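For reference, the structure is listed below as structure tokens.
The values are calculated or read from the model by the stated rules, or taken from the named source; none is laboratory data. What you see is a predicted model, and the numbers here were worked out from it, not measured in a lab. Note: ideal-geometry Cβ built from the backbone for every residue, glycine included; neighbour counts use all protein chains shown. Note: accessible area is taken over every heavy atom of the protein model, side chains too, but ligands, DNA and RNA are not part of it. Shrake-Rupley method; radii C 1.70, N 1.55, O 1.52, S 1.80 Å.
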There are 2 protein chains.
Amino acid sequence: MKSVLSLVSVFVLSSLLSTGFAQDAAKGKALYATCIQCHGENGEGNLAKKAPKLSGQHDWYVVKQVTEIKSGVRKNPDMQPYVKGLSDQDIKDLAAYIVTL
Amino acid sequence: MKSVLSLVSVFVLSSLLSTGFAQDAAKGKALYATCIQCHGENGEGNLAKKAPKLSGQHDWYVVKQVTEIKSGVRKNPDMQPYVKGLSDQDIKDLAAYIVTL
């Protein structure tokens with residue numbers, strides 16, 4: 001029985017790690033609270049805030065854009081203050097939540 | 001009868017112009033042919049090409065991003081060659097088509 005358990009955990013761990021994307025959508029949900037004011041509770045976006053729809057977007061794209069806005073590679077002075085304090089893991093967790101919207 | 005017709009046409013014209021968005025999705029579809037190689041026939045996006053999902057996105061956001069990528073305000077050396085020849089109207093028509101995906 002023990003060997004089955006360890007096999008399962010190796011499988012789960014490796015599939016998580018292989019995606020290079022160990023993510024925690026629950027943490028992401030808490031982080032997303034800040035984003036609601038512009039992107040909306042369901043990631044529907046907001047014209048007045050020039051905030052795009054996020055729901056349905058790929059997590060790898062969300063990670064890329066938030067990372068680049070944080071670093072300034074992508075200029076977005078409106079959004080940068082909201083993401084500059086996020087760690088790489090925070091951004092992955094955030095993306096994992098956004099994918100569920 | 002004539003006055004009704006002119007009233008209707010004024011309404012249609014003003015609603016088009018008021019959105020500042022006289023768009024032609026049919027023209028947009030022809031323009032989108034170039035985008036398929038990265039964003040996919042249905043705007044589903046493509047990880048290998050780092051191309052985001054477009055379907056479901058707001059047309060005003062598509063216009064903003066394509067315009068900024070064309071001008072270089074938003075750095076995207078991969079995509080800029082594909083959009084630099086587009087006119088403002090082309091971009092609006094393209095967005096009108098993408099919204100239908």
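Using heavy atoms of the protein chains and a probe of 1.4 Å, the accessible area assigned to B:Lys50 is about 110 Å².
Here the range A:75-101 is scanned for amide nitrogen atoms under 13 Å from the site 7 Å beyond the Cα of A:Ala22 along Cα-to-Cβ, giving A:89-90, A:93. Each of B:Glu44 and A:Thr34 was given a label point 7 Å from its Cα along the Cα-to-Cβ line. The distance between the two points is 3.4 nm. Amide H to amide H distances under 5 Å link B:Ala51 with B:Asn46, where only residues 5 or more positions off or on other chains count and H is placed in the peptide plane.
For the set A:Leu101, A:Leu54, the ranking by accessible area, highest first and with no ligand, DNA or RNA atoms included, is A:Leu101, A:Leu54 under a 1.4 Å probe.
Exposure check, 1.4 Å probe, all protein chains in place: A:Met79 carries approximately 50 Å² of accessible surface. Ignoring aspartates and glutamates fewer than eight residues from A:Lys84 along the same chain, the ones with Cα atoms less than 19 angstrom from its Cα are A:Asp59, A:Glu68, A:Asp93.
In this simple spin-label model, placing a label point 7 Å from the Cα along the Cα-to-Cβ direction at both B:Asp78 and A:Tyr82 gives a separation of 2.5 nm. With a 1.4 Å probe and all protein chains kept in place, how much accessible area does B:Glu41 have, in Å² rounded to the nearest 10? Counting only protein heavy atoms, B:Glu41 exposes about 120 Å² to solvent. Largest first, the residues A:Tyr61, A:Tyr32 sort by 1.4 Å accessible area into A:Tyr61, A:Tyr32. Using the Karplus relation 6.51 cos²θ - 1.76 cosθ + 1.60 with θ = phi - 60°, the per-residue 3J(HN,Hα) values for the range A:44-61 come to 7, x, 7, 4, 4, 9, 6, 9, x, 5, 10, 4, x, 6, 6, 5, 5, 6 Hz, with x marking Gly and Pro.
In the range B:23-98, a dipole from Cβ-located charges (positive for Lys and Arg, negative for Asp and Glu) runs towards its positive end, and of B:His58, B:Ile98, B:Ile69 it is B:Ile69 whose Cα lies farthest in that direction. Measuring between alpha carbons in the structure, the pairs from A:Lys70/B:Lys70; A:Lys27/B:Lys53; A:Lys27/B:Lys70; A:Lys75/B:Lys27; A:Lys50/B:Lys75; A:Lys64/B:Lys64 lying more than 27 angstrom apart are A:Lys27/B:Lys70; A:Lys75/B:Lys27.
Working note: Karplus 6.51/-1.76/1.60 with θ = phi - 60° gives the range B:89-97 the couplings 5, 4, 5, 5, 5, 4, 5, 5, 6 Hz, where Gly and Pro are set to x.
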